[in-house]
Amino acid sequence: MAVVVILVLLALGSVLFHVLSPWWWTPIASNWNYIDNTIIITFWITGFAFVAVVLFMAYCVLRFRHRPGATADYEPENRRLESWLATGTTLGVAAMLTPGLFVWHQFITVPEGATEVEVVGQQWLWSFRLSGADGKLGTTEARDVTPENTLGLNRNDAAGLDDLIIEGGELHLPVGKPVKILLRSVDVLHDFYVPEFRAKMDMVPGMVTYFWLTPTRTGTFEILCAELCGTGHPQMRGTVVVDTEEDYRTWLSEQQTFSQLSASASSGASKATAVAAATAQ
Ligand SMILES: [Cu+2]
């Protein structure tokens, strides 16, 4: 009898925990409420299956408990029960998978006019690149990655010289504008994840992955790495700030282009050489 009570309490407690506890996700800040809807569908289906299975177990423990002299029936095959279970399971799994296919299609179908923003993951920080005045991101090469050119921009590509580079800082995005997020890694697997955007995707060395989103409210959100990427993985945090158009323009005007950064890096290097030469004399 104790087992029956425990099983019923387990089913009831799980439902109550779901309804009453504040474990639910953070308020959404992007257009991806489709993602929430698919998760809610999954919750309903798995929640129903969980409660049904646990209560059925409780029923069986009670109904078929040991009684002196009682024997079990031998019934190795039951076609009706088998087809019923197979159909039910198939429908449940299909109902969980199908909405995901539609949402995935929307997730990677970038609307026209979306601004491109590149996010680069490396052990263990986030960097960002925005197209400059020409509205185009320059090409990159893994072999061009150096301490002065951590994102590996191609110096011979004019489109890249005016790209704005934000290294290990915060990314700003304008509210209400669609952005295409291009994801790149210069070392190992990382995963760009902003819980409030309901969006995450792996960053794979050697390829560029992407999705798009429209931020729907201003605020400051945390970027997490959702792929174990080494000892610094838990500290791999970043910040994305969703701004009003005006604040975004102000922030944008304060960022440095690739050519400005290269110039200051090389003048810094030549100063260092001059100082070294002077001290050597
Ligand atoms: Cu990482």
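Set side by side, the residues G69, G13, G88 differ, and just one is on the phi > 0 side of the Ramachandran plot and out of contact with any helix residue (DSSP H, G or I) (no Cβ under 8 Å at 6 or more places or on another chain), which is G69. Identify all residues within the range 221-251 that are open to solvent by 40 Å² or more (accessible area, probe 1.4 Å), over 16 Å from the mean Cα position of the chain (by Cα) and closer than 27 Å to G176 by Cα; write none if there are none. Correct list: T244, E245, E246, D247, R249, T250. The residue pairs whose first member lies in the range 186-208 and is buried (at least 21 other Cβ atoms within 10 Å of the Cβ), whose second member is in a helix (DSSP H, G or I), and whose beta carbons are closer than 6 Å, counting only pairs six or more residues apart or on different chains, are R198/I35. Being open to solvent by 70 Å² or more (accessible area, probe 1.4 Å) and either charged (D, E, K, R) or under 16 Å from S262 (Cα atoms) (or both) is a property that E116 lacks. Within this structure, G88 fails the test of being of a type outside the set (S, T, N, Q) and either assigned by TED's automatic domain parsing to the domain that holds E254 or under 19 Å from the mean Cα position of the chain (by Cα) (or both). Would a scan of the range 22-37 turn up a residue that is without any contact (Cβ under 8 Å) to a residue 40 or more places away in the chain, within 26 Å of F197 (Cβ to Cβ), under 20 Å from the mean Cα position of the chain (by Cα) and surrounded by fewer than 14 Cβ atoms within 10 Å (Cβ to Cβ)? Yes: one or more hits. No other residue among T71, T90 is outside any helix (DSSP H, G or I), surrounded by fewer than 11 Cβ atoms within 10 Å (Cβ to Cβ) and free of Cβ contacts under 8 Å to residues at least 40 places away in the same chain apart from T71.
Residues of the range 207-242 being among the polar types (S, T, N, Q), within 16 Å of the ligand (Cβ to nearest atom) and out of contact with any Gly (no Cβ under 9 Å at 6 or more places or on another chain), which ones? T209, T231, Q235, listed by residue number. Looking only at the range 121-131, filter to residues that are open to solvent by less than 10 Å² (accessible area, probe 1.4 Å) and more than 16 Å from H233 (Cβ to Cβ); which one of those is nearest to the ligand (Cβ to nearest atom)? The residue in question is S127.
Please indicate, with yes or no, whether at least one residue in the range 74-87 is within 30 Å of V188 (Cα to Cα) and surrounded by 10 or more Cβ atoms within 10 Å (Cβ to Cβ). No, the conditions are met nowhere in the range 74-87. Total residues in the range 171-185 satisfying the condition of being surrounded by fewer than 23 Cβ atoms within 10 Å (Cβ to Cβ) and within 16 Å of the ligand (Cβ to nearest atom): the figure is 1.
Only one of the numbered conditions (1) open to solvent by less than 30 Å² (accessible area, probe 1.4 Å); (2) more than 19 Å from Q256 (Cβ to Cβ); (3) at pLDDT below 90; (4) of a type in the set (A, V, I, L, M) is not met by L151, and that is (2).
The values are calculated or read from the model by the stated rules, or taken from the named source; none is laboratory data. Given the structure is predicted, the values throughout are model-derived calculations rather than measurements. Virtual Cβ from ideal backbone geometry, glycine too; neighbours counted across all protein chains shown. With ligands, DNA and RNA removed, areas are computed over all heavy atoms of the protein, side chains included. Shrake-Rupley method; radii C 1.70, N 1.55, O 1.52, S 1.80 Å.
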